[in-house]
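First up is the structure itself, then whatever we jot down about it.
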Amino acid sequence: MEYMERYQKWCAAPLTVQEQETLRAMEKDEDACKGAFGAELQFGTAGIRGIMGLGTNRLNDYTVRRTAQGLAAWLCSTDLPQKCAIGYDSRHNSRRYAEICAVALAERGIHVYVYHELAPTPMLSFAVRRLGCGCGIVVSASHNAGAYNGIKCYGPDGCQMTDEPAAVVFREISAIDYFVPAKQTFTEGLEKGEVEYIAPELWEEYYQTVLAERVTDVPASELHLLYTPLCGTGNKPVREVLGRIGVKVEVVKVQEQPDGDFKTCEYPNPETDAALNESYKIARETHPDLILGTDPDCDRVAVAVPVESGFRKLTGNELGCLLLDYILGEMSKNGTLPKEPVAVRSIVSTPLADKVAAKYGVKMKAVLTGFKYIGGEILALEEKGEEKRFVFGFEESCGYLKGTYARDKDAVIASMLTCDLAAKLKREGTNLCERMDALYAELGYHEAKVISMELKGPNAMELSAKFMADFRANVPTELCGAAVTSVTDYQTRICRDLVNGTETPVLLPKSNVVTLELGDKGSVIVRPSGTEPKVKLYLTAVDSDKETAKQLLEKLAEKMSEFLPKNA
């Protein structure tokens with residue numbers, strides 16, 4: 001169906017007067033019409049995500065309800081518990097969309113639990129497991145700009161939905177009309193007992209569970225922290241947990257309260273240095289030991305350390321390695337490291353973590369990008385009764401988890417562990433940056449960079465597919481003086497060793513990713529984003545000399561940029 005056919009169908013639908021006026025205004029704006037109706041939001045393992053507005057390619061009451069109806073149809077076809085937990089963040093319409101989802105699920109006889117206020121994504125994962133639900137929903141667009149929102153769906157293990165059930169949900173969604181009216185209101189669902197708010201006791205249970213994951217019992221009372229929740233869900237739980245371990249927390253006031261516009265941080269992504277700009281302004285006056293920020297749904301965390309030249313923001317890879325080294329070091333010292341311990345990282349995260357793990361005799365497993373794959377490793381251990389072997393998991397995109405109480409990255413526990421480590425280092429007369437530099441000196445400098453290009457226009461996804469096809473057809477055998485020693489294509493699930501000419505199968509699931517290994521000099525990983533019209537390049541350069549590694553990284557960035565789409 002062409003976009004004008006979709007548009008005309010919506011014009012004839014039983015919409016509100018205001019919605020009809022919005023559609024009429026769109027009629028003579030071809031770009032707006034194509035953007036809103038040029039495609040349908042696709043449901044995948046990350047659910048759906050998009051710009052809010054009217055249309056099949058936008059997030060709105062109709063696309064949200066249709067998605068929830070598809071999820072309900074899937075759950076009703078399974079033997080899983082007919083229960084669903086729902087959480088939501090600080091974005092515009094998040095609470096509204098949560099209520100729409102609750103109504104759609106309750107209509108199918110599914111009992112729904114809803115957080116009565118903003119709650120981090122990991123708390124939803126925790127609730128799914130604790131309440132014995134067959135599925136869960138988080139209304140959030142994570143770290144995207146304020147125009148976006150999304151519906152993230154979870155399975156019974158508290159992990160984001162995997163490929164097989166997601167495909168069934170997508171088929172169910174595709175068979176549902178956009179304009180099936182609701183049979184009751186959210187309030188009526190509450191009154192009938194079909195929907196209920198999650199009890200406050202679950203918040204306390206979550207706090208106690210997180211605190212039990214500490215690897216020290218020493219209070220972090222000497223640490224002065226400047227914290228920003230970036231107008232999101234972290235304000236209450238992060239400050240509660242840090243307060244209990246003694247951290248002196250100062251909050252960035254202009255980013256303390258929920259704000260769907262994110263006026264003081266247009267792109268609330270902790271991966272970017274700009275996300276902490278407001279914090280830097282305050283830190284120049286108050287001189288904290290550490291700056292820490294969590295994203296709107298509080299599953300990612302970033303830190304910066306005041307240094308002589310200003311502030312040094314640690315990368316997601318660096319904080320991951322620091323936390324891994326800290327956890328393994330303390331557990332080894334305390335005699336609490338489990339037998340045959342397992343740590344997990346995504347394939348795009350730094351291989352420096354492998355060397356850190358090896359220091360302590362810990363197995364590091366690399367999995368596909370997406371925290372659901374880390375959660376899958378925990379589930380595999382759990383099914384064998386060996387979940388205690390899992391010690392830590394992380395992604396370079398500022399996502400971390402210790403413990404098995406949740407199956408998604410958790411900025412609350414990561415904030416606690418980071419502050420415990422920072423306090424320990426302060427007592428020893430050092431800080432996170434100096435400890436990171438010591439790790440580099442010990443294990444080699446692993447300079448990393450992510451190049452992310454957003455593709456524009458209604459054919460953005462086609463551009464992304466063409467980019468990957470072109471790259472596969474023109475894979476280089478040499479980059480910046482370093483030979484490409486192997487090429488791994490996770491789509492074909494084959495690794496080609498270019499040194500000896502052999503091929504070996506890839507045991508991970510199929511994924512649209514290509515990895516080039518440059519011997520001991522680094523690697524290049526190419527993939528499209530799973531949730532946005534973007535292509536991403538993950539570059540790593542390795543050397544025993546810091547400047548040499550940096551120079552190689554810049555050369556790799558310049559060379560690989562030549563492969564990016566020219567018309568994006």
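What to note about this one:
- Top positive-direction residue, dipole computed over the stretch 340-406 with Cβ charges, set V344, G361, G385: G361
- When you filter the GluC sites (Glu not before Pro) in the stretch 276-317 for DSSP loop state and at most 11 other Cβ atoms inside 10 Å of their Cβ, you are left with E308.
- Partners for K372 among aspartates and glutamates (Cα-Cα distance below 14 Å; same-chain residues under 8 apart left out): D157, D163, E164, D299, E395, D408, D410
- Computed from the C-beta positions of V17 and E462, the FRET efficiency with R₀ = 45 Å rounds to 0.80.
- Here the chain has 50 percent of its accessible surface on carbon and sulfur atoms, given a 1.4 Å probe and all protein chains in place.
- Normalised per residue, the accessible area of the stretch 1-130 is 40 Å², obtained with a 1.4 Å probe and no contribution from ligands, DNA or RNA.
- Between the stretch 89-149 and the stretch 287-352, the Cα center-to-center distance that results, in Å: 28
- Once the Cα-Cα distance is subtracted from the 0.36 nm per residue extended length, the Y267 to L211 segment shows a gain of 17.1 nm.
- Counting only residues at least eight positions apart within a chain, or on another chain, the aspartates and glutamates with an alpha carbon under 19 Å from that of K28 are E2, E5, E19.
- The stretch 242-303: Rg to Rh, with Rh as the Kirkwood radius over Cα pairs: 0.94
- Per-selection Rg to Rh, the chain - Cα, Kirkwood hydrodynamic radius: 0.96
- Legend: distances between Cα atoms for K248/K339; K263/K365; K281/K456; K236/K365; K339/K424; pairs beyond 30 Å are K248/K339; K263/K365; K281/K456; K236/K365.
- Ordering L507, H446, V412 by Cα displacement along the dipole of the chain toward the positive end leaves L507 in first place; charges were set at the Cβ atoms of Lys, Arg (+1) and Asp, Glu (-1).
- The stretch 477-568: Lys pairs at Cα distance under 19 angstrom, eight or more positions apart or on different chains: 12
- Calculated SAXS-style log₁₀ I(q)/I(0) at q = 0.16 Å⁻¹ - the stretch 55-100, Debye, Cα scatterers: -0.51
- Whole-number Å³ per residue for the convex hull built on Cα positions in the stretch 293-426: 109
- Estimated inter-spin distance, A167 and N474, nm [label 7 Å along Cα→Cβ]: 3.3
- Projected onto planes of every orientation and averaged, the convex hull of the alpha-carbon atoms in the stretch 443-568 covers 8.2 nm².
- Rounded to the nearest 20, the size of the Cβ-charge dipole of the chain about its Cα centre is 340 debye, with Lys and Arg at +1 and Asp and Glu at -1.
- By the compact-protein rule of thumb, 2.2 N^0.38 Å, the alpha-carbon radius of gyration of the stretch 324-386 corresponds to a ratio of 1.13.
- DSSP-defined antiparallel bridges as percent of all bridges, the chain, nearest 5: 65
- Cα-based Kirkwood hydrodynamic radius, the stretch 181-325, one decimal, Å: 17.1
- Centre separation in Å (Cα based) which lies between the stretch 484-517 and the stretch 55-78: 37
- Placing unit charges on the Cβ atoms of the charged side chains and taking the dipole of the stretch 146-262 about its Cα centre, the candidate lying farthest along the positive direction among G189, T162, Y206 is Y206.
- Compared with the alpha-carbon gap, the fully stretched path from K9 to T502 is longer by 172.0 nm at 0.36 nm per residue.
- The stretch 135-185 - accessible surface per residue (Å², probe 1.4 Å): 36
The values are calculated or read from the model by the stated rules, or taken from the named source; none is laboratory data. This structure is a prediction, so every number in the text was calculated from the model and none was measured. Don't worry about glycine lacking a Cβ; one is built from the backbone with ideal geometry, like all the others, and counts go over all protein chains shown. Areas reflect the complete protein model, heavy atoms only, side chains present, ligands, DNA and RNA absent. Shrake-Rupley method; radii C 1.70, N 1.55, O 1.52, S 1.80 Å.
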